[in-house]
Amino acid sequence: MTPNDSGQAPATAQLASSAAPAAATSPKATRRKTGGAKLAAALVRIALPLFAGALFLLAWERQLIHRLLKLKLYQLPLPSAIWTAIRDNQELLLGYTRYTLTEAVLGMLAGSALGFAIALVATAWPRWGAGGLLVVAALNAVPIVALAPTMNLWFGDGMLSRAAIVAATTAAAMAINAHKGMRMVDPLSLDLMRAYAAGKSEVFLRLRIPNSLPYVFAALKINATASMIGAIVGEFFFSSRGLGYLLSNSIKVAKMPLGWSCIVVAAIAGILFYLIVEALEKIFAYRKA
């Protein structure tokens, strides 16, 4: 009997054909495809904003925005003029940026620590702590222009007064977010802790505070940008240094390219501050994942 008559050759062919797709979909090939897809998605995610930004800057440089909004060059300087102002005043801008960032960081740390402490009290003793949440939320509703003179009278016209302004504007976000994170724990986990006769302090240390970390870092990312706003606006009123002081003086003497360079540098500093907080979130909040 020949192989064709017995049917063995077709069976062998079928086995070979079924083995080919299996080899094509091996784990190594799947990993390559997945890695390539992730790389392509990352490139698209980076390339699209860069392209849109370059297109916006080109339209700005060609004065298309000026024609659209009917603006003069002294009202909105060109990007080339702003870049020239940054290059010619880089030492002054770097020194004032460090000063403003110091105010923002100190104020954010103080305000976040105060907000976290209020959240702890409000979670541990709801009857007494709820009032603290209302007070800090009401304080956050006070405009910065009203806080600045008050803080200047209390703490003088130095760096401490701007740090106090930032602390007052950043405490509410931390208090509300941290309180929410401490209260939204898994009921089964809470029952398990109680079944093991865990005290209130152990429940906080091992359950409530770890559960609140994503909420805490969400508040820190909000405060990273809010702190820069508070510091710069505070420098508008009482300061002899900082980006807000330089921006205010540049507008007064009609040096608009220098004023816009303060805005650009402040935006860059705020973005870097936000990225640092985001990196810390990946280290601490998601290290188990």
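Of the candidates ALA254, ALA266, the single residue that is closer than 26 Å to LEU92 by Cα, outside any helix (DSSP H, G or I) and in the same structural domain as THR169 (by TED's automatic domain parsing) is ALA254.
For region 163-190, a residue qualifies if it is assigned to a helix (DSSP H, G or I) and not aliphatic (A, V, I, L, M), and the qualifying residues are THR169, THR170, ASN177, HIS179, LYS180, GLY181, ARG183, PRO187, SER189. Taking the criterion of being surrounded by fewer than 22 Cβ atoms within 10 Å (Cβ to Cβ) and under 20 Å from the mean Cα position of the chain (by Cα), the residues of region 169-190 that qualify are ILE176, LYS180. Please enumerate the residues belonging to region 66-111 that are of a type in the set (Ser, Thr, Tyr) and either surrounded by 17 or more Cβ atoms within 10 Å (Cβ to Cβ) or within 16 Å of PHE273 (Cα to Cα) (or both). Answer for region 66-111, where residues must be of a type in the set (Ser, Thr, Tyr) and either surrounded by 17 or more Cβ atoms within 10 Å (Cβ to Cβ) or within 16 Å of PHE273 (Cα to Cα) (or both): TYR96, THR97, TYR99, THR100, THR102.
From the list GLY158, GLY107, the lone residue that is over 23 Å from MET256 (Cα atoms), under 22 Å from the mean Cα position of the chain (by Cα) and of a type in the set (Gly, Ala, Ser) is GLY107.
Does TRP125 qualify as being out of contact with any helix residue (DSSP H, G or I) (no Cβ under 8 Å at 6 or more places or on another chain) and surrounded by fewer than 13 Cβ atoms within 10 Å (Cβ to Cβ)? So TRP125 passes the test.
Within region 191-201, restricting attention to residues that are over 31 Å from the mean Cα position of the chain (by Cα) and part of a helix (DSSP H, G or I), which residue is farthest from ALA117 (Cα to Cα)? Taking the candidates together, the pick is ALA195. Considering only region 95-114, I want to know if a residue exists there that is of a type outside the set (S, T, N, Q), closer than 14 Å to ASN177 by Cα and in contact with a Leu (Cβ under 9 Å, 6 or more places away or on another chain). No, that holds for no residue. If we keep just the residues of region 212-224 that are touching a Gly at 6+ places or on another chain (Cβ under 9 Å) and crowded, with 18+ Cβ neighbours inside 10 Å, which is modelled with the lowest pLDDT? Per the criteria, the residue is SER212. Looking for something under 22 Å from the mean Cα position of the chain (by Cα), within 30 Å of ASN211 (Cα to Cα) and at pLDDT 80 or above - is there at least one such residue anywhere in region 121-128? No, that holds for no residue.
Among the residues of region 84-94, which ones are in contact (Cβ under 8 Å) with a residue 40 or more places away in the chain and within 27 Å of the chain's Cα centre (by Cα)? Even if it seems obvious, please write down each step before you answer.
Initial filter on region 84-94 (in contact (Cβ under 8 Å) with a residue 40 or more places away in the chain): 84-86, 89, 92-93.
Residues satisfying the conditions are ILE86, LEU92, LEU93.
Within region 206-226, residues that are in contact (Cβ under 8 Å) with a residue 40 or more places away in the chain sit with their Cβ atoms under 9 Å from residues that are basic (Lys, Arg) and part of a helix (DSSP H, G or I), at 6+ positions apart or across chains, in these pairs: ARG208/ARG183; SER212/LYS180; SER212/ARG183. Looking for whichever is modelled with pLDDT of 85 or more and not β-branched (Val, Ile, Thr) here; the options are ALA172, ALA146, ALA197. Which one fits? The match here is ALA172.
Residue count for region 235-249 satisfying the condition of being surrounded by fewer than 20 Cβ atoms within 10 Å (Cβ to Cβ) and not in a loop (DSSP other than H, G, I, E, B): 3.
The values are calculated or read from the model by the stated rules, or taken from the named source; none is laboratory data. Keep in mind it's a predicted model, so treat the numbers as computed, not measured. No Cβ is skipped: glycine too gets one built from the backbone with ideal geometry, and neighbour counts run over all protein chains shown.
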